[in-house]
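Beneath this line is the structure, given in C-alpha coordinates, with notes to follow.
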Amino acid sequence: MRRYLAHDTAPLQLWWTDLDTMPPPPGAEAALSADERARAARFVREVHRRRFTAAHVALRELLAQHTGRAAAELQFAGGPFGKPALRGQPTCAFNMSHSDELAVYAVAADGDIGVDVERLREMPDTDMLAQHNFTPAEREQLGRAPASARGLTFLYGWTRKEACLKAIGCGLQVDPYTFEVGLGPDRRDVLVLSPDGPVMVEVESFCDGDRAVVSWARVKPALPEPTHSA
(Lines give C-alpha, C1' and ligand atoms only; values in the text may rest on other atoms or scores of the structure.)
Protein backbone atom coordinates (compact mmCIF):
# COMPACT_ATOMS: atom_id res chain seq x y z
CA MET A 1 0.00 0.00 0.00
CA ARG A 2 1.37 3.40 -0.95
CA ARG A 3 1.11 6.34 1.39
CA TYR A 4 0.72 10.01 0.58
CA LEU A 5 0.87 12.82 3.09
CA ALA A 6 -1.36 15.56 1.76
CA HIS A 7 0.85 18.20 3.38
CA ASP A 8 3.67 18.36 5.89
CA THR A 9 1.19 19.68 8.46
CA ALA A 10 -1.83 17.72 7.26
CA PRO A 11 -4.31 16.77 10.00
CA LEU A 12 -4.67 13.32 8.48
CA GLN A 13 -2.77 10.66 6.56
CA LEU A 14 -3.70 9.54 3.06
CA TRP A 15 -3.00 6.01 1.84
CA TRP A 16 -3.86 4.38 -1.44
CA THR A 17 -3.70 0.94 -3.00
CA ASP A 18 -4.29 -0.69 -6.37
CA LEU A 19 -6.93 -3.33 -5.77
CA ASP A 20 -5.98 -5.31 -8.88
CA THR A 21 -2.20 -5.46 -8.49
CA MET A 22 -2.12 -5.75 -4.68
CA PRO A 23 -4.68 -8.47 -3.81
CA PRO A 24 -5.16 -9.62 -0.19
CA PRO A 25 -2.65 -12.21 1.05
CA PRO A 26 -3.93 -15.77 1.50
CA GLY A 27 -6.26 -16.07 4.46
CA ALA A 28 -6.72 -12.30 4.90
CA GLU A 29 -10.40 -12.49 3.95
CA ALA A 30 -11.06 -14.34 7.22
CA ALA A 31 -10.75 -11.00 9.02
CA LEU A 32 -13.89 -9.66 7.28
CA SER A 33 -17.19 -9.65 9.14
CA ALA A 34 -20.18 -11.68 8.03
CA ASP A 35 -21.79 -8.46 6.81
CA GLU A 36 -18.76 -7.55 4.67
CA ARG A 37 -18.68 -11.01 3.12
CA ALA A 38 -22.43 -10.84 2.42
CA ARG A 39 -22.06 -7.46 0.76
CA ALA A 40 -19.23 -8.79 -1.41
CA ALA A 41 -21.34 -11.78 -2.45
CA ARG A 42 -24.10 -9.49 -3.75
CA PHE A 43 -21.93 -8.18 -6.58
CA VAL A 44 -22.81 -9.81 -9.90
CA ARG A 45 -19.40 -9.39 -11.54
CA GLU A 46 -16.42 -11.21 -10.09
CA VAL A 47 -14.11 -8.22 -10.58
CA HIS A 48 -16.35 -6.07 -8.37
CA ARG A 49 -16.51 -8.76 -5.67
CA ARG A 50 -12.74 -9.06 -5.73
CA ARG A 51 -12.16 -5.32 -5.53
CA PHE A 52 -14.69 -4.88 -2.70
CA THR A 53 -13.02 -7.66 -0.73
CA ALA A 54 -9.53 -6.28 -1.36
CA ALA A 55 -10.60 -2.76 -0.35
CA HIS A 56 -12.07 -3.90 2.95
CA VAL A 57 -9.19 -6.21 3.78
CA ALA A 58 -6.77 -3.31 3.20
CA LEU A 59 -8.94 -1.02 5.34
CA ARG A 60 -8.89 -3.47 8.24
CA GLU A 61 -5.13 -3.95 7.95
CA LEU A 62 -4.56 -0.19 7.96
CA LEU A 63 -6.84 0.41 10.95
CA ALA A 64 -5.24 -2.50 12.80
CA GLN A 65 -1.89 -0.73 12.43
CA HIS A 66 -3.32 2.48 13.84
CA THR A 67 -5.22 0.93 16.75
CA GLY A 68 -2.96 -1.94 17.72
CA ARG A 69 -5.92 -4.31 17.49
CA ALA A 70 -6.20 -7.42 15.35
CA ALA A 71 -7.92 -6.76 12.02
CA ALA A 72 -10.62 -9.37 12.71
CA GLU A 73 -11.46 -7.75 16.08
CA LEU A 74 -12.39 -4.37 14.62
CA GLN A 75 -16.10 -3.60 14.65
CA PHE A 76 -17.79 -0.90 12.61
CA ALA A 77 -20.77 1.26 13.43
CA GLY A 78 -22.76 3.36 11.00
CA GLY A 79 -23.78 6.97 11.55
CA PRO A 80 -27.26 8.38 10.83
CA PHE A 81 -26.50 8.50 7.10
CA GLY A 82 -24.33 5.39 6.90
CA LYS A 83 -20.87 6.88 7.47
CA PRO A 84 -18.82 4.13 9.17
CA ALA A 85 -16.83 4.54 12.37
CA LEU A 86 -14.89 2.19 14.63
CA ARG A 87 -16.65 1.01 17.76
CA GLY A 88 -14.72 1.74 20.93
CA GLN A 89 -11.88 3.55 19.12
CA PRO A 90 -12.39 7.30 19.67
CA THR A 91 -8.78 8.08 18.68
CA CYS A 92 -9.02 6.66 15.16
CA ALA A 93 -11.14 8.42 12.53
CA PHE A 94 -11.16 7.14 8.97
CA ASN A 95 -12.83 7.32 5.60
CA MET A 96 -12.47 5.35 2.36
CA SER A 97 -13.20 5.90 -1.31
CA HIS A 98 -12.58 3.85 -4.42
CA SER A 99 -12.80 4.33 -8.17
CA ASP A 100 -12.35 1.27 -10.39
CA GLU A 101 -9.18 -0.43 -9.13
CA LEU A 102 -7.98 2.48 -6.94
CA ALA A 103 -8.84 2.72 -3.25
CA VAL A 104 -7.87 5.69 -1.07
CA TYR A 105 -8.01 5.82 2.74
CA ALA A 106 -7.86 8.79 5.10
CA VAL A 107 -6.92 8.21 8.74
CA ALA A 108 -6.66 10.71 11.59
CA ALA A 109 -6.37 10.62 15.36
CA ASP A 110 -9.79 12.21 15.71
CA GLY A 111 -12.28 14.51 14.04
CA ASP A 112 -14.71 14.24 11.15
CA ILE A 113 -12.88 13.51 7.89
CA GLY A 114 -13.75 12.53 4.34
CA VAL A 115 -11.90 11.47 1.20
CA ASP A 116 -12.89 10.95 -2.42
CA VAL A 117 -11.05 9.61 -5.47
CA GLU A 118 -12.00 9.59 -9.14
CA ARG A 119 -10.11 8.05 -12.04
CA LEU A 120 -9.18 10.53 -14.74
CA ARG A 121 -11.24 9.77 -17.83
CA GLU A 122 -13.17 11.32 -20.68
CA MET A 123 -15.96 13.49 -19.25
CA PRO A 124 -18.51 14.25 -22.01
CA ASP A 125 -21.24 15.23 -19.52
CA THR A 126 -19.37 17.80 -17.43
CA ASP A 127 -21.71 20.68 -18.34
CA MET A 128 -24.84 18.78 -17.32
CA LEU A 129 -23.30 17.55 -14.07
CA ALA A 130 -21.90 20.99 -13.27
CA GLN A 131 -25.32 22.57 -13.83
CA HIS A 132 -26.79 20.45 -11.04
CA ASN A 133 -23.83 20.35 -8.64
CA PHE A 134 -21.64 23.45 -9.03
CA THR A 135 -22.17 27.05 -8.00
CA PRO A 136 -22.40 29.77 -10.70
CA ALA A 137 -18.78 30.80 -9.98
CA GLU A 138 -17.61 27.19 -10.30
CA ARG A 139 -19.50 26.74 -13.56
CA GLU A 140 -17.84 29.88 -14.90
CA GLN A 141 -14.43 28.56 -13.81
CA LEU A 142 -15.12 25.25 -15.56
CA GLY A 143 -16.12 27.12 -18.72
CA ARG A 144 -12.77 28.95 -18.77
CA ALA A 145 -10.77 25.73 -18.54
CA PRO A 146 -9.07 24.65 -21.80
CA ALA A 147 -10.57 21.58 -23.44
CA SER A 148 -7.50 19.50 -22.58
CA ALA A 149 -7.92 20.22 -18.85
CA ARG A 150 -11.70 20.27 -18.57
CA GLY A 151 -12.06 16.73 -17.21
CA LEU A 152 -9.38 17.33 -14.58
CA THR A 153 -10.90 20.68 -13.61
CA PHE A 154 -14.34 19.13 -13.22
CA LEU A 155 -13.04 16.23 -11.11
CA TYR A 156 -11.28 18.60 -8.75
CA GLY A 157 -14.63 20.19 -7.98
CA TRP A 158 -16.54 16.91 -7.90
CA THR A 159 -14.17 15.15 -5.50
CA ARG A 160 -13.84 18.20 -3.26
CA LYS A 161 -17.60 18.39 -2.80
CA GLU A 162 -17.85 14.65 -2.15
CA ALA A 163 -15.04 14.80 0.42
CA CYS A 164 -16.72 17.71 2.23
CA LEU A 165 -20.09 15.94 2.37
CA LYS A 166 -18.45 12.73 3.59
CA ALA A 167 -16.57 14.64 6.30
CA ILE A 168 -19.79 16.20 7.57
CA GLY A 169 -21.52 12.80 7.35
CA CYS A 170 -24.92 14.17 6.36
CA GLY A 171 -25.47 12.16 3.19
CA LEU A 172 -27.53 13.94 0.55
CA GLN A 173 -29.13 16.30 3.05
CA VAL A 174 -26.96 19.10 1.62
CA ASP A 175 -27.10 19.96 -2.09
CA PRO A 176 -23.59 20.23 -3.60
CA TYR A 177 -24.43 23.47 -5.44
CA THR A 178 -25.06 25.28 -2.13
CA PHE A 179 -21.38 25.53 -1.15
CA GLU A 180 -18.28 26.53 -3.08
CA VAL A 181 -15.07 24.47 -3.05
CA GLY A 182 -13.25 25.76 -6.13
CA LEU A 183 -11.98 23.67 -9.03
CA GLY A 184 -8.30 23.43 -8.17
CA PRO A 185 -6.01 21.59 -5.76
CA ASP A 186 -5.49 24.43 -3.25
CA ARG A 187 -6.35 24.03 0.41
CA ARG A 188 -9.19 26.26 1.46
CA ASP A 189 -11.86 26.65 4.09
CA VAL A 190 -15.41 25.99 2.93
CA LEU A 191 -18.59 27.01 4.73
CA VAL A 192 -21.31 24.36 4.43
CA LEU A 193 -24.84 24.90 5.73
CA SER A 194 -25.61 21.47 7.16
CA PRO A 195 -28.94 20.38 8.69
CA ASP A 196 -27.36 21.02 12.11
CA GLY A 197 -26.14 24.50 11.24
CA PRO A 198 -23.11 26.07 9.53
CA VAL A 199 -19.96 23.94 9.43
CA MET A 200 -16.48 25.05 8.39
CA VAL A 201 -14.59 22.40 6.42
CA GLU A 202 -11.05 22.53 5.10
CA VAL A 203 -10.46 20.73 1.81
CA GLU A 204 -7.42 20.02 -0.36
CA SER A 205 -6.75 17.97 -3.49
CA PHE A 206 -3.97 16.50 -5.55
CA CYS A 207 -3.66 14.80 -8.92
CA ASP A 208 -1.72 11.55 -9.14
CA GLY A 209 -0.14 12.14 -12.53
CA ASP A 210 -2.52 11.07 -15.27
CA ARG A 211 -4.30 8.47 -13.14
CA ALA A 212 -6.64 9.96 -10.54
CA VAL A 213 -7.75 12.99 -8.53
CA VAL A 214 -7.94 12.71 -4.75
CA SER A 215 -9.54 15.20 -2.36
CA TRP A 216 -9.63 15.11 1.42
CA ALA A 217 -11.67 17.19 3.83
CA ARG A 218 -11.85 17.74 7.57
CA VAL A 219 -14.45 19.50 9.69
CA LYS A 220 -12.65 22.27 11.54
CA PRO A 221 -13.22 22.51 15.29
CA ALA A 222 -15.76 25.16 16.22
CA LEU A 223 -14.29 28.29 17.75
CA PRO A 224 -15.20 28.77 21.41
CA GLU A 225 -17.88 31.30 22.15
CA PRO A 226 -16.39 34.62 23.29
CA THR A 227 -16.74 35.32 26.98
CA HIS A 228 -17.89 38.69 28.21
CA SER A 229 -16.79 40.02 31.54
CA ALA A 230 -19.26 41.89 33.65
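For the chain, a crude dipole built from +1 on the beta carbon of Lys and Arg and -1 on the beta carbon of Asp and Glu, taken about the Cα centre, is about 500 debye to the nearest 20. Shown here for region 173-225: trypsin sites (Lys or Arg not before Pro) in loop regions (DSSP other than H, G, I, E, B) with at most 16 other Cβ atoms within 10 Å, namely ARG187, ARG211.
With +1 assigned to the C-beta of every Lys and Arg and -1 to the C-beta of every Asp and Glu, and no other charges, what is the dipole magnitude of region 22-67 about the Cα centre in debye, to the nearest 20? For region 22-67, the charge dipole is close to 220 debye. For the chain, the share of accessible area belonging to carbon and sulfur comes to 53 percent (1.4 Å probe, ligands and nucleic acids excluded).
Annotation: extensible slack from ARG119 through MET200 equals 26.4 nm (criterion: 0.36 nm per residue apart, minus Cα-Cα distance).
With point charges of +1 on the Cβ of Lys and Arg and -1 on the Cβ of Asp and Glu, referenced to the Cα centre of the chain, which listed residue (PRO136, ALA212, GLY197) lies farthest in the positive direction of the dipole? Towards the positive end, the residue furthest out is ALA212. Within 10 Å of each candidate Cβ there may be at most 16 other Cβ atoms; applying that plus a DSSP loop requirement, which trypsin sites (Lys or Arg not before Pro) in region 51-120 survive? Qualifying residues, ordered by number: ARG87. Counting only protein heavy atoms and a 1.4 Å probe, region 1-140 has 54 square angstrom of accessible area per residue.
With helices as the sole contributors, the chain gives -9000 deg cm²/dmol at 222 nm; each DSSP H run of n ≥ 4 counts as -39500 (n - 2.57), and the sum is divided by every residue. Largest mean-square fluctuation among THR159, THR178, THR21, in a Gaussian network model of the chain whose springs join Cα atoms under 10 Å apart, belongs to THR21. With springs only between Cα atoms under 10 Å, which of PRO11, PRO195, PRO23 fluctuates most in a Gaussian network model of the chain? Among PRO11, PRO195, PRO23, the largest GNM mean-square fluctuation belongs to PRO195.
The values are calculated or read from the model by the stated rules, or taken from the named source; none is laboratory data. All figures in this text were calculated on a predicted structure; none of them were measured in a lab. Every residue, glycine as well, gets a Cβ built from its backbone with ideal geometry; the counts of neighbours run over all protein chains shown. Heavy atoms of the whole protein, side chains included, go into the accessibility calculation; ligands, DNA and RNA do not. Shrake-Rupley method; radii C 1.70, N 1.55, O 1.52, S 1.80 Å.
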